[in-house]
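Read through the structure below, which is laid out as structure tokens, and then see the notes.
The values are calculated or read from the model by the stated rules, or taken from the named source; none is laboratory data. Just so it is clear, the model here is predicted, and its values are computed rather than measured. Here the Cβ is made from the backbone with ideal geometry for all residues, glycine too, and neighbour counts use every protein chain on show. Note: areas computed on protein heavy atoms with side chains; ligands, DNA, RNA excluded. Shrake-Rupley method; radii C 1.70, N 1.55, O 1.52, S 1.80 Å.
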Amino acid sequence: MDEVTFKSDTVLSDVHLYTPNQRHLMVRLNSTGQPVFLSHFKLVWSQDSQIDLRTEGGDYRDVPTEETLAGAGSPGSPPGSSCSSEGSPLQASTDATGQEGAGAQLDEDGDLDVVRRPRAASDSEPAWCPRDKVHPMILTQEEDDILGDETQENSTYDIIRIEHTMATPLDDVGKQVWRGALFLADYILFQWDLFQGRTVLELGAGMGFTSIIAATVAQTVYCTDVGADLLAMCQRNIALNSHLTASGGSVVKVRELDWLKDNLCTDRDVPFSWSEEDISDLYNHTTIMLAAEVFYDDELTDALFKTLFRLAHKLKNACTAILSVEKRLNFTLSHLDVTCEAYDHFHSSLHQLEKHRDGQLRFTVEPVEASFPQYLVYERIRQLELWKIFVEPVT
Ligand SMILES: C[S@@+](CC[C@H](N)C(=O)[O-])C[C@H]1O[C@@H](n2cnc3c(N)ncnc32)[C@H](O)[C@@H]1O
């Protein structure tokens with residue numbers, strides 16, 4: 001395999017889209033046979049070198065040093081924006097394939113399927129948008145003992161190493177790293193004192209990036225998601241970065257928490273199930289809930305809000321949920337307009353929660369100004385939003 005193959009239901013996180021491919025090291029196959037890549041996300045600490053890519057179309061050349069590009073989320077721009085639109089691979093108008101108009105190019109939901117213009121031999125690669133092919137480097141089946149050497153050899157304190165897959169079907173999006181995870185991680189790094197010594201629960205943690213950052217300051221992080229193979233990858237990432245978290249005495253516990261189920265699984269035979277001690281620790285001590293980039297499907301959004309609501313009622317203390325969301329704009333022929341339905345649904349769910357009155361808890365919703373510093377390399381587009389929900393007992 002030397003190229004990622006795209007099918008109609010394939011999604012690729014923007015974090016990986018413009019990553020210089022020499023940073024993509026394919027390391028192994030996971031337990032379900034998917035190729036796993038290793039990316040390094042570098043923290044940029046110094047005030048001088050903080051990345052200023054907060055506006056859409058931020059130029060690749062704005063990044064201070066080549067070294068800061070080590071993060072998997074190199075700050076390219078979406079196709080057709082900062083890369084010169086002339087000759088952009090995603091031109092929707094008549095292209096070399098001779099496709100005119102959009103009538104026949106709708107997916108099942110009615111979204112416009114834009115056909116990529118085949119690369120012509122004469123196409124020159126813009127120097128600042130490198131898109132080399134992904135080359136497999138080492139190919140081994142998953143082995144438990146690989147971690148031993150890797151964790152010791154790579155105990156650098158400003159690099160987070162994440163194994164992930166690329167270009168997955170929608171069901172497996174959690175095996176990629178999403179921009180919202182980096183955005184929320186930036187906020188944690190900025191407001192680290194809010195997290196210090198806390199017990200934190202992350203919902204839909206995917207590859208564990210945000211949980212790892214949270215665990216650099218928190219006492220305990222429950223890093224939760226669904227699916228044994230995804231959770232195994234997540235667990236491996238926690239181990240790969242244990243030097244960042246364990247040195248401060250923090251504990252990251254990877255557990256299954258399915259928003260579509262009412263109870264936490266305590267069956268010992270099920271991987272990543274909960275012990276009774278975990279559950280009482282979770283309920284007695286959690287004061288922060290996190291969720292990054294989990295609002296892309298209305299049913300799942302409903303399930304997540306239901307979970308949040310249910311958990312909030314079980315927690316002993318007041319808590320704050322911090323949610324990151326990317327307002328994804330799609331042109332649909334059914335609306336003949338650009339819409340962001342998943343975001344609209346998220347937004348109305350926030351308001352419903354705020355209006356809820358049950359005499360026990362009060363939910364107060366507040367947007368967070370996205371002006372906090374950027375410590376990680378990704379494109380801080382203005383569609384990235386952070387929301388806080390304060391949950392307090394009604395007195
Ligand atoms: C777009 S990914 C975001 C992953 C990660 N937070 C990030 O930003 O990189 C959405 C996540 O929601 C998780 N998810 C989807 N349905 C879920 C469910 N029913 N219960 C728990 N997690 C779920 C997926 O497995 C996936 O990890």
Of the listed links Lys42/Lys314; Lys42/Lys261; Lys253/Lys316; Lys316/Lys388, those spanning more than 31 angstrom between alpha carbons are Lys42/Lys314; Lys42/Lys261
Starting from the Cα of Thr10, step 7 Å toward the Cβ, then list every residue of the range 157-198 with an amide N under 18 Å from that point. 164-177
Residues Val394 and Asp229, FRET efficiency given R0 of 41 Å [Cβ-Cβ distance, rounded to 0.05]: 0.45
What part of the accessible area of the range 243-318, given as a whole %, is carbon or sulfur when the probe is 1.4 angstrom? 47
Just subtract the alpha-carbon distance of Asn284 and Asp258 from 0.36 nm times their residue separation and send over the number in nm, one decimal. 7.3 nm
In units of 2.2 N^0.38 Å, what is the alpha-carbon radius of gyration of the range 242-395? 1.19
By how many nm would the segment from Ala303 to Glu277 grow when fully extended, if each residue of separation counts as 0.36 nm and the alpha-carbon distance is taken off? 6.8 nm
So what's the gap between the Cα centers of the range 317-335 and the range 156-189, to the nearest angstrom? 17
